[in-house]
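The values are calculated or read from the model by the stated rules, or taken from the named source; none is laboratory data. These numbers come from a predicted model, not from an experiment. Here the Cβ positions follow ideal geometry from the backbone for every residue, glycine too, while neighbour counts run over all protein chains shown.
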Amino acid sequence: MKRRNFLAAAGAAFVAGCNRIAGTDVGKSLLDAAEGWHKGAHRLLTNREARAPEYPRSAISPYFRGNGSTDPQNGDYPRHAEEGFANWRLEVRGLVDNPLSLNLDNIRRLPQRTQITRHDCVEGWSAIGEWTGPQLSLLLDAAGLREEAKFIVFRCADNLNGQDYYESVDLIDAYHPQTIIAHSLNGEPLPIRNGAPLRMRIERQLGYKHAKYLTAIEAVASLDDIGKGQGGYWEDRAGYQWYAGI
Amino acid sequence: MTRHTFSTRLWHWLNLVCVVVLFMSGLTISNAHRRLYWGDWGFAAEQAWLIVPRFPDWMTIPGYYSLAVARDWHILMAWPFALGLLFMWIAMLANRHFKRDIATSRGEWKPSAVWQDIVQHLKLDFGHEGGKYNFLQKLAYGLVLGVFLPMMIFTGIAISPGMEPTFGWLVELLGGRQSARSLHFIFAFAIAGFFVVHIVLVILAGPIHQIRDMITGGREP
């Protein structure tokens, strides 16, 4: 028991030291910078078009777990769900020459990409599913992305713990061939649990980047004025890394 | 001639800090999803091969549950850990520390010799004639430097979705992402096991002398 107390005390002292370092300006900037070093290393080693692995149909998980919002009850979402999303619209706006407003039929008629990929949650679990939808690059090109645009923000219908969900990526991930706006999972319309009627697939990053219940795609020059400025719901709320390829 | 060269001492203490921070922040990350799986995917209890116990806060960094802060520490310390190990390998090949002190000879693998070494350890007899380390020490240091620590880096790379487009072969070699995650966990605990045995043996062999030599270098006996 004594030994255990000693261990616990040593552990607590070490943790207190770490937390003190994390609280200093130098500590904070180091902890933030490390995320950028990984992103730099990934970008250096990985071609910007290099793809996440795609699997055969036989690898698909029997059930696709949902996390975060799994049944939004806020705003118009319940009404849209009841209508089978017949009146759902996806806007493409912000720093574009021709803002777009599309319904699900418009989106299904665009050239489609189908990919069987693995979804990795930041918590540690993985699931494999088949996603279908148009590439994001197609919509950005159709809307005419302006030169000043540096990030793409994904607006979502779900309000989780009092804040609207959103996410963002840079143009490298926005134009990646596997970055699609999925309307189907395993050949069926997306279940509500997994983001019906539309969700993003950002295949080289963790699950929280794959915004669900997508209502708008917004091109911006900076993330500073969006939400609390960290680039996403979990980034703002809990300090998750904006670059989620780690 | 010192007992431990400067590069060995520098790496030893740097690595200690890295391993402790990585292990303790890793325990928080484990608490975020306390199940381990084999293969490419897994998310529910029925696919798990192990349900990991929840680690108490005093064992974890940051000392309370925050996956984001734990990941910040993990992501930061991965750099000095990986670059430090690379440095140690280059240094120990260049100064022949590996060949002279750690690499084993065929004779040492003879069952009778191994058995004698085990008996000597059990009698807490740490005098070894000739070489710096006896067989069990060489084996332990060789395994830690050559397998356990590098495997933490390889399995860590394999879990990173941003690395997979380039290192897909590594993920496949390790048996899929969830297998890589399981192995990351297993090797972390193998290192923790080494850590405990290492400290117990240092204490039994004379801790003041041992720690002093690892700081100042000490004298070759």
| field | Any hit, the stretch B:47-65, residues being under 30 Å from B:TRP89 (Cα atoms) and assigned to a loop (DSSP other than H, G, I, E, B) | value | yes
| said: Just to verify a result, which residue in the stretch B:158-181, among those that are in contact (Cβ under 8 Å) with a residue 12 or more places away in the chain and more than 10 Å from every other protein chain (Cβ to nearest Cβ), is nearest to A:GLN241 (Cα to Cα)? | reply: B:ALA158
| said: Just the residues that are of a type in the set (Lys, Arg) and either at pLDDT below 95 or out of contact with any strand residue (DSSP E or B) (no Cβ under 7 Å at 6 or more places or on another chain) (or both), please, taken from the stretch A:66-119. | reply: A:ARG79, A:ARG108, A:ARG109
| said: I'd like the residue in the stretch B:11-37 that is more than 9 Å from every other protein chain (Cβ to nearest Cβ) and among the β-branched types (Val, Ile, Thr) and, out of all such residues, is farthest from the chain's Cα centre (by Cα). | reply: B:THR28
| query | Which helices (runs of 4 or more DSSP H) does the stretch A:1-86 wholly contain that include 3 or more residues that are within 9 Å of chain B (Cβ to nearest Cβ), in contact (Cβ under 8 Å) with a residue 24 or more places away in the chain and surrounded by 14 or more Cβ atoms within 10 Å (Cβ to Cβ)? | reply | A:25-45
| field | Unique residue being in contact with a strand residue (DSSP E or B) (Cβ under 6 Å, 6 or more places away or on another chain) and within 11 Å of another protein chain (Cβ to nearest Cβ) when the list is A:GLU235, A:GLU203, A:GLU218 | value | A:GLU203
| query | Hey, which of the helices (runs of 4 or more DSSP H) in the stretch B:142-221, taking only ones fully inside, have at least 1 residues that are under 21 Å from the mean Cα position of the chain (by Cα) and at pLDDT below 95? | reply | B:177-204, B:207-216
| said: Any residue that is in contact with a Pro (Cβ under 8 Å, 6 or more places away or on another chain) and farther than 14 Å from B:THR5 by Cα - is there at least one of those in the stretch B:91-99? | reply: no
| task | Search the stretch B:38-76 for residues being more than 8 Å from chain A (Cβ to nearest Cβ) and either in contact (Cβ under 8 Å) with a residue 60 or more places away in the chain or small (Gly, Ala, Ser) (or both), and hand back the single one that is nearest to A:GLY245 (Cα to Cα). | result | B:ALA70
| field | Any chance B:PRO80 is within 12 Å of chain A (Cβ to nearest Cβ), in contact (Cβ under 8 Å) with a residue 24 or more places away in the chain and in contact with a Phe, Trp or Tyr (Cβ under 9 Å, 6 or more places away or on another chain) | value | no
| Is it fair to say B:ASP72 is modelled with pLDDT of 95 or more, among the acidic types (Asp, Glu), assigned to a helix (DSSP H, G or I) and buried (at least 16 other Cβ atoms within 10 Å of the Cβ)? | yes
| message | So B:LEU93 ticks every box in (1) in contact (Cβ under 8 Å) with a residue 24 or more places away in the chain; (2) surrounded by fewer than 18 Cβ atoms within 10 Å (Cβ to Cβ); (3) in a helix (DSSP H, G or I) but one. Which box is left unticked? | response | (1)
| field | Residue list for the stretch A:228-246, filter: assigned to a loop (DSSP other than H, G, I, E, B) and either at pLDDT below 95 or closer than 26 Å to A:HIS42 by Cα (or both) | value | A:GLY229, A:GLN230, A:GLY231, A:GLY232, A:GLY239, A:TYR240, A:GLN241, A:TRP242, A:TYR243, A:ALA244, A:GLY245, A:ILE246
| query | Restricting the search to the stretch A:215-246, which residues are surrounded by 24 or more Cβ atoms within 10 Å (Cβ to Cβ) and more than 30 Å from B:ARG181 (Cα to Cα)? | reply | A:ILE217
| task | Looking only at the stretch A:178-197, decide whether some residue is surrounded by 24 or more Cβ atoms within 10 Å (Cβ to Cβ), charged (D, E, K, R) and either farther than 24 Å from A:PRO99 by Cβ or within 14 Å of chain B (Cβ to nearest Cβ) (or both). | result | no
| note | Of the listed residues (A:ASP164, A:ASP158), the one being surrounded by fewer than 18 Cβ atoms within 10 Å (Cβ to Cβ) and in the same structural domain as A:HIS210 (by TED's automatic domain parsing) is A:ASP164
| said: Among (1) more than 14 Å from every other protein chain (Cβ to nearest Cβ); (2) within 23 Å of the chain's Cα centre (by Cα); (3) without any contact (Cβ under 8 Å) to a residue 12 or more places away in the chain, there is one condition B:SER112 misses while meeting the rest; what is its number? | reply: (2)
